[in-house]
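Written below as C-alpha cells is the structure these notes are about.
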Amino acid sequence: MQLAIVISNLIENAIHACEKVPENERRIDINARYKSQLLIEISNSCADKIVLDAEGHPFSNEENHGIGTRSVLNFINQTDSEIRYIAEEKAFKVRMLVS
C-alpha cells in the first residue's frame, strides 16, 4: 500500500508540473522494470528547471507544498530503497529503486 501511495505522489507531482506547460508540449512517461528489485522511472515535461536541495531532492518554500515529497523520502528511508531526481531544462525525471 505504501508503494502505491508513493507512486501516486510522484505521478501527481508530474501532472502538476505538466499543467504549467503548453498542452502540445505536455508529456509524462512511466517505466517500470523488475529484476530482483523494482526500478520505476517517471519523467515529465515542466515549465522551468526544478531546483534541488543539497541532497538532490526537490523542495518548495510554498506553504502546504512538499508534503508528498517528504512522504516519498520517508518510504525510501523505511524500505532502504534509493531515489534519484534529475532536473533538466524543461524536463524532470525520478528514478526509484525499491528494495
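Sub-8 Å Cβ pairs linking a first residue in the stretch 83-96 that is part of a loop (DSSP other than H, G, I, E, B) to a second residue that is buried (at least 16 other Cβ atoms within 10 Å of the Cβ), at least 6 apart or interchain, are Lys90/Val21; Lys90/Ser45; Lys90/Cys46, ordered by first then second residue. Which residues, taken from the stretch 74-99, are farther than 30 Å from Pro22 by Cα and surrounded by 14 or more Cβ atoms within 10 Å (Cβ to Cβ)? The answer is Phe75, Ile76, Ser81, Leu97, Val98.
Screening Ala4 against (1) more than 19 Å from Phe59 (Cα to Cα); (2) in contact with a helix residue (DSSP H, G or I) (Cβ under 8 Å, 6 or more places away or on another chain); (3) open to solvent by less than 70 Å² (accessible area, probe 1.4 Å) leaves a single unmet condition, (2).
Name the residues in the stretch 1-60 that are acidic (Asp, Glu), assigned to a helix (DSSP H, G or I) and modelled with pLDDT under 95, would you? Quick ask: steps written out before the conclusion?
Start the filter on the stretch 1-60 by keeping residues that are acidic (Asp, Glu), which leaves 12, 19, 23, 25, 29, 41, 48, 53, 55.
With assigned to a helix (DSSP H, G or I) added as a condition, the list becomes 12, 23, 25.
The answer is Glu12, and nothing else.
The values are calculated or read from the model by the stated rules, or taken from the named source; none is laboratory data. Small disclaimer: the values here were computed from a predicted structure and weren't measured. Here the Cβ is made from the backbone with ideal geometry for all residues, glycine too, and neighbour counts use every protein chain on show. Protein only, heavy atoms only, side chains kept; ligands, DNA and RNA dropped before computing areas. Shrake-Rupley method; radii C 1.70, N 1.55, O 1.52, S 1.80 Å.
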